1. May I ask you to verify whether residue 76 is more than 16 Å from the ligand (Cβ to nearest atom) and either farther than 16 Å from residue 32 by Cβ or in the same structural domain as residue 8 (by TED's automatic domain parsing) (or both)?
2. Out of (1) more than 16 Å from the ligand (Cβ to nearest atom); (2) loosely packed, with under 14 Cβ neighbours inside 10 Å, the odd one out for residue 55 is which?
3. Can you tell me which of 108, 93, 117 is touching a residue at least 40 places away in the same chain (Cβ under 8 Å), within 11 Å of the ligand (Cβ to nearest atom) and assigned by TED's automatic domain parsing to the domain that holds residue 24?
4. State all residues of segment 21-38 that are buried (at least 17 other Cβ atoms within 10 Å of the Cβ) and either more than 11 Å from the ligand (Cβ to nearest atom) or on the phi > 0 side of the Ramachandran plot (or both); if no residue qualifies, say none.
5. Could you list, in sequence order, the residues of segment 183-204 that are surrounded by fewer than 15 Cβ atoms within 10 Å (Cβ to Cβ) and in contact (Cβ under 8 Å) with a residue 40 or more places away in the chain?
6. Any residue in segment 213-238 that's in the same structural domain as residue 277 (by TED's automatic domain parsing) and within 16 Å of the ligand (Cβ to nearest atom): show its pairings with residues that are modelled with pLDDT under 95 and not in a strand (DSSP E or B) at Cβ separation under 6 Å, as long as the two are six or more apart or on different chains.
7. Tell me, yes or no, whether segment 240-249 has at least one residue that is within 24 Å of residue 11 (Cα to Cα), in contact (Cβ under 8 Å) with a residue 60 or more places away in the chain and either more than 25 Å from the chain's Cα centre (by Cα) or assigned by TED's automatic domain parsing to the domain that holds residue 198 (or both).
8. Which count do you get for residues in segment 73-105 that are within 19 Å of the chain's Cα centre (by Cα) and buried (at least 23 other Cβ atoms within 10 Å of the Cβ)?
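The values are calculated or read from the model by the stated rules, or taken from the named source; none is laboratory data. It should be emphasised that the depicted structure is a prediction, and the values quoted were computed from it without experimental measurement. Positions of Cβ are backbone-derived with ideal geometry, glycine not excepted, and every protein chain shown enters the neighbour counts.
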Ligand SMILES: COc1ccc(CN)cc1O
């Protein structure tokens, strides 16, 4: 079996991407952020206080003939940006792009943090990390990918995220029409549940490629690219007027500055992120100061290859044993 669904940017700067997911019988459609950096599938629901719901679609288990309460189970999650949610759990039928799982753990939010309330086009998250990260207790639950595995033609899912445009997620097959050339694969360690792998190095603009192993996680649920300070300072040294602003919490520069490209390596392959992806956003609608799509990972304890990097490639998350990740040009 296979599935294929759209990855739709939720705002004009691609802060996150959402994918239509149907839950229950009859199907209730929610727009979820498919997040390879976590492993909980949680939704705004009829159990979410109305004061915390601002325009989101909700899942109402009572309206689904196939919903079953997972008695005595709860969950609570905190993301890297400080946002979070918690609640209870139902099992129900869930489908993405025609691929159906009969008994998926659907984590119904009883509380969400303000940043989720404010994000009215996002109805929840679908974690696609390794199931070891799932926060449901007393017994942890499987991700949609882990539940779907037995029925997939191939044990893979792919991400084709796009800059200021709708891309796609495919499950169970690698669509030859979505990439050019060959896929460059590299080893993944499941520690501690992320798609953890290394870059073989980087280059700033037309500069020489620096061969240096950079370990990090490919995370579709993180907006920007976070790399070691040494790499980031080398990049912004090439940007007129750039500075690392305490006030704005990262590298900013005059929006009129011309930015170099940024190239990262996957084994022998090279992927170049266009300057436009790194000129991420104005710090406020009328400002002439812009915030960079490449930022330092020093405060995070881990390098994160977020959407700014992933949208420069066609990415294959391979659940084979051992797992691996592949990048191709597109
Ligand atoms: C839109 O808000 C979020 C989206 C995804 C995550 C998980 N990385 C956290 C968020 O606060």
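1. No, not satisfied.
2. (1)
3. Details: 108 fails: within 11 Å of the ligand (Cβ to nearest atom); 93 fails: within 11 Å of the ligand (Cβ to nearest atom).
Answer to the selection: 117.
4. Going residue by residue through segment 21-38, those that are buried (at least 17 other Cβ atoms within 10 Å of the Cβ) are 21-24, 28, 30-38.
Within segment 21-38, 21, 22, 23, 24, 28, 30, 31 meet the criteria.
5. Answer for segment 183-204, where residues must be surrounded by fewer than 15 Cβ atoms within 10 Å (Cβ to Cβ) and in contact (Cβ under 8 Å) with a residue 40 or more places away in the chain: 187, 192.
6. none
7. Within segment 240-249 (the criterion being within 24 Å of residue 11 (Cα to Cα), in contact (Cβ under 8 Å) with a residue 60 or more places away in the chain and either more than 25 Å from the chain's Cα centre (by Cα) or assigned by TED's automatic domain parsing to the domain that holds residue 198 (or both)), the answer is no, since none of the residues qualifies.
8. 2
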